[in-house]
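**Student:** Before we start, here is the structure in question, set down as structure tokens.
The values are calculated or read from the model by the stated rules, or taken from the named source; none is laboratory data. Fair warning: this is a prediction, and the values are worked out from it, not measured in the lab. Counting neighbours? That spans all protein chains shown, and the Cβs are built from the backbone with ideal geometry, glycine included.
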Amino acid sequence: MQGALSIAEHVSCIGDLKGPHCLLVDDLADSGETLAQVVPVIQSRYPDIREIRTAVLWQKQQSSFRPDYCVERLEGNPWIHQPFEAYDRLRPQDLKGSV
């Protein structure tokens, strides 16, 4: 459900978040709510971090959060097909039968 964010106690990362700098990476800034809510949580849980920068692959025009780095800023609200989405492997006849 969009807008209802549950943040885990531990953030997924390769190593400990020791600071003083952190780069928070997400695939997409759609509404922007996830990044807007996660940044202050990281700041409160990891007081040694003095600076958090954000990066995304795509930022939609409607996003309320503006990441520091973005590969592509998208006009409008296009649907993004992620390579891990199951229907990407479906043939047209299979997709038609699943609706």
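**Student:** If I ask for residues that are in contact with an Asp or Glu (Cβ under 6 Å, 6 or more places away or on another chain) and of a type outside the set (Lys, Arg), which ones from segment 47-70 would you list?
**Tutor:** Hits for segment 47-70 are THR54, VAL56, LEU57, TRP58, GLN61.
**Student:** Out of LEU23, LEU95, report the one residue that is at pLDDT below 95 and in a strand (DSSP E or B).
**Tutor:** Going through LEU23, LEU95 in turn, the sole match is LEU23.
**Student:** For residues in segment 67-82 being assigned to a loop (DSSP other than H, G, I, E, B) and out of contact with any helix residue (DSSP H, G or I) (no Cβ under 9 Å at 6 or more places or on another chain), which is surrounded by the fewest Cβ atoms within 10 Å (Cβ to Cβ)?
**Tutor:** Across segment 67-82, the extreme among qualifying residues is TRP79.
**Student:** Is there any pair with a first residue in segment 40-59 that is closer than 11 Å to HIS21 by Cα and a second that is exposed (fewer than 13 other Cβ atoms within 10 Å of the Cβ) and at pLDDT below 90 whose Cβ atoms are under 7 Å apart and which are 6 or more apart or on different chains, and what are they?
**Tutor:** ASP48/LYS18
**Student:** Let me spell it out: the conditions are (1) at pLDDT 90 or above; (2) more than 13 Å from the chain's Cα centre (by Cα), and ASP30 meets all of them except one. Which number is the exception?
**Tutor:** (2)
**Student:** Out of the residues in segment 34-65 meeting the condition of being more than 20 Å from ALA4 (Cα to Cα) and under 15 Å from the mean Cα position of the chain (by Cα), tell me which one is surrounded by the fewest Cβ atoms within 10 Å (Cβ to Cβ).
**Tutor:** Across segment 34-65, the extreme among qualifying residues is GLN61.
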